[in-house]
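Before any comments, here is the structure.
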Amino acid sequence: MGVVVDKSLDCKLAAIHADPHGCREFILADAKDADMAFGIGSAGLSPESHPGELRYKTLADYREQIRAISRQGIVDIMLMSGSTNHALTIEERLFDHSHVTPAVRANDTTDVHIARGSVYATEPARPFRSLSLDHAMCGHLDCAPEERTLGANLGLYSVTFNNDLTLDLATLERFHQFREEAERKGFRYFLEVFDPNRPGAVDPAILPHYLNDMIARMLAGVGPAGRPQFLKIVYHGPKAMEELVRYDPHLVVGILGGSAGTTRDAFQMLADAQKHGARVALYGRKINTAENQLAFIQFLRLIVDGVIGPVEAVKAYHAVLGKLGIRAHRPLEDDLRLQSQAMSYGGTSSSVVVPPKAEPAPLACACHAPKEAQPVITIEKPHSKNGFPTKPDGHPDFARMDVTQRLAYHRKRLGLGVS
């Protein structure tokens with residue numbers, strides 16, 4: 001039977017809903033479910049490959065990276081395929097003593113069927129689900145009630161609207177069936193809404209607002225027990241993000257990472273999305289293709305904690321790679337370039353120091369502290385003169401609060417006491 005441990009995801013969601021406008025808690029997830037999309041190539045290229053040779057890492061390599069990132073303790077969610085969840089969550093008990101929440105890809109629509117030589121992803125998406133919720137929760141069909149805590153009770157459910165009545169109606173009907181089964185079995189989910197994969201489905205100028213309307217419309221008839229924990233959507237810039245967040249502050253909005261891009265792309269999109277209302281980020285390829293995944297994740301956390309801006313984070317990340325003796329994929333000058341034009345950008349500066357040894361970057365919610373050794377990054381921050389750093393107007397300055405202060409502040413505000 002699994003060991004019950006408080007999860008940082010639950011802590012952060014409670015804080016966000018308690019103060020949707022003022023709370024700075026941010027949820028980070030690593031999407032290691034690519035084997036349900038890319039197959040053999042999901043783990044990435046093997047460092048053992050040679051020029052002219054295409055060799056991929058193995059499934060064992062992929063799972064070992066999942067172990068390392070989970071033990072690092074900086075992400076809040078580890079998203080996996082059903083088979084990896086069975087191996088690591090149910091059999092290995094990787095998450096029993098961890099604040100990290102295991103999650104599974106609950107469905108795999110045809111637009112993520114990306115086999116070499118295939119054309120499935122170019123055709124309008126059809127709903128499909130290979131996962132059994134019982135398998136995710138206990139490892140076999142027809143779980144007994146007491147077995148449902150053995151595995152994952154959180155999943156990603158994905159929909160793709162193509163502005164086609166027949167296709168979209170089928171998508172909504174399958175979503176309805178999933179919600180009913182999930183509620184009966186006590187399985188939580190977060191909702192991924194992809195952009196249309198049918199060319200010309202919606203005018204690009206109105207696409208972000210079409211998606212916002214579809215999200216609001218599809219959830220309007222869903223009661224609290226059947227609603228998603230949060231959303232995962234493409235970041236289409238400040239206007240679309242602010243429109244959705246303003247419409248319903250309790251609809252926690254997250255962004256998906258998309259293609260790898262430059263390190264600046266990854267860091268800037270995270271900072272901009274958070275600035276305009278996002279409270280979750282799920283990065284898959286951006287993490288999996290990083291030169292050092294643990295260091296990359298540390299900088300994601302430092303950015304959302306308001307410690308460092310995107311530009312300086314890229315520079316500091318390259319400095320860490322240099323300290324570790326790891327060759328960067330591209331020169332710093334190239335890695336500072338933006339390849340995406342969807343956002344308005346702006347960075348801040350901080351003083352960055354990379355000493356030989358120090359404690360890793362803290363968790364925003366601090367439900368548990370990371371235990372595992374990892375690349376070391378520390379950031380110089382202004383010192384607070386009182387228990388809770390404040391702005392000139394007297395309001396709490398969450399950007400300057402450290403982990404202990406932030407946790408104590410929210411516990412006090414929520415009437416939970418300080419522990």
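The values are calculated or read from the model by the stated rules, or taken from the named source; none is laboratory data. Keep in mind that this is a model prediction, so the values were computed, not measured. Virtual Cβ from ideal backbone geometry, glycine too; neighbours counted across all protein chains shown.
Table for the structure above
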read-out	value
Test for LEU54: is it touching a residue at least 24 places away in the same chain (Cβ under 8 Å), of a type outside the set (Ser, Thr, Tyr), part of a loop (DSSP other than H, G, I, E, B) and more than 30 Å from VAL245 (Cβ to Cβ)	no
Strands (runs of 3 or more DSSP E) (entirely within the stretch 97-203) containing at least 2 residues that are closer than 21 Å to SER259 by Cα and touching a Pro at 6+ places or on another chain (Cβ under 6 Å)	188-194
Checking ASP61 against (1) modelled with pLDDT of 95 or more; (2) over 19 Å from the mean Cα position of the chain (by Cα); (3) not in a helix (DSSP H, G or I), the condition it does not meet	(3)
Checking HIS97 against (1) surrounded by 15 or more Cβ atoms within 10 Å (Cβ to Cβ); (2) closer than 18 Å to LYS7 by Cα, the condition it does not meet	(1)
ALA121 being closer than 21 Å to LYS32 by Cα and at pLDDT below 95	yes
Every residue from the stretch 2-50 that is aliphatic (A, V, I, L, M), farther than 24 Å from ASN85 by Cβ and either modelled with pLDDT of 95 or more or under 15 Å from the mean Cα position of the chain (by Cα) (or both)	ALA14, ALA15, ILE16, ALA18
Candidate set from the stretch 53-83 (those that are within 28 Å of ARG116 (Cα to Cα) and hydroxyl-bearing (Ser, Thr, Tyr)); member that is surrounded by the fewest Cβ atoms within 10 Å (Cβ to Cβ)	THR58
Set LEU300, LEU324, LEU282: member being in contact with a Pro (Cβ under 8 Å, 6 or more places away or on another chain) and modelled with pLDDT of 95 or more	LEU324
Tally of residues being outside any loop (DSSP other than H, G, I, E, B) and in contact (Cβ under 8 Å) with a residue 12 or more places away in the chain across the stretch 317-343	10
Residue among PRO145, PRO127 that alone is free of Cβ contacts under 8 Å to residues at least 60 places away in the same chain and surrounded by 16 or more Cβ atoms within 10 Å (Cβ to Cβ)	PRO127
Candidates PRO208, PRO238 - the one that is buried (at least 20 other Cβ atoms within 10 Å of the Cβ) and either polar (S, T, N, Q) or more than 22 Å from ALA14 (Cα to Cα) (or both)	PRO208
In the stretch 148-178, the residues that are more than 21 Å from GLN229 (Cβ to Cβ), of a type outside the set (Gly, Ala, Ser) and surrounded by fewer than 16 Cβ atoms within 10 Å (Cβ to Cβ)	ASP164, LEU165, THR166, LEU169, GLU173
First in the stretch 253-275 and under 22 Å from GLU333 (Cα atoms), second anywhere and surrounded by fewer than 24 Cβ atoms within 10 Å (Cβ to Cβ) and hydroxyl-bearing (Ser, Thr, Tyr), Cβ under 6 Å, 6 or more apart	ALA260/THR289; ASP265/SER340; GLN268/TYR345
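Yes or no, residue by residue, for (1) under 13 Å from the mean Cα position of the chain (by Cα); (2) more than 20 Å from ALA34 (Cα to Cα); (3) surrounded by 18 or more Cβ atoms within 10 Å (Cβ to Cβ):
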| site | (1), (2), (3) |
| --- | --- |
| GLU192 | yes, no, yes |
| PRO204 | no, yes, no |
| MET218 | no, yes, yes |
| ALA225 | no, yes, no |
| PHE230 | yes, yes, yes |
| GLU243 | no, yes, no |
| VAL252 | yes, yes, yes |
| GLN268 | no, yes, yes |
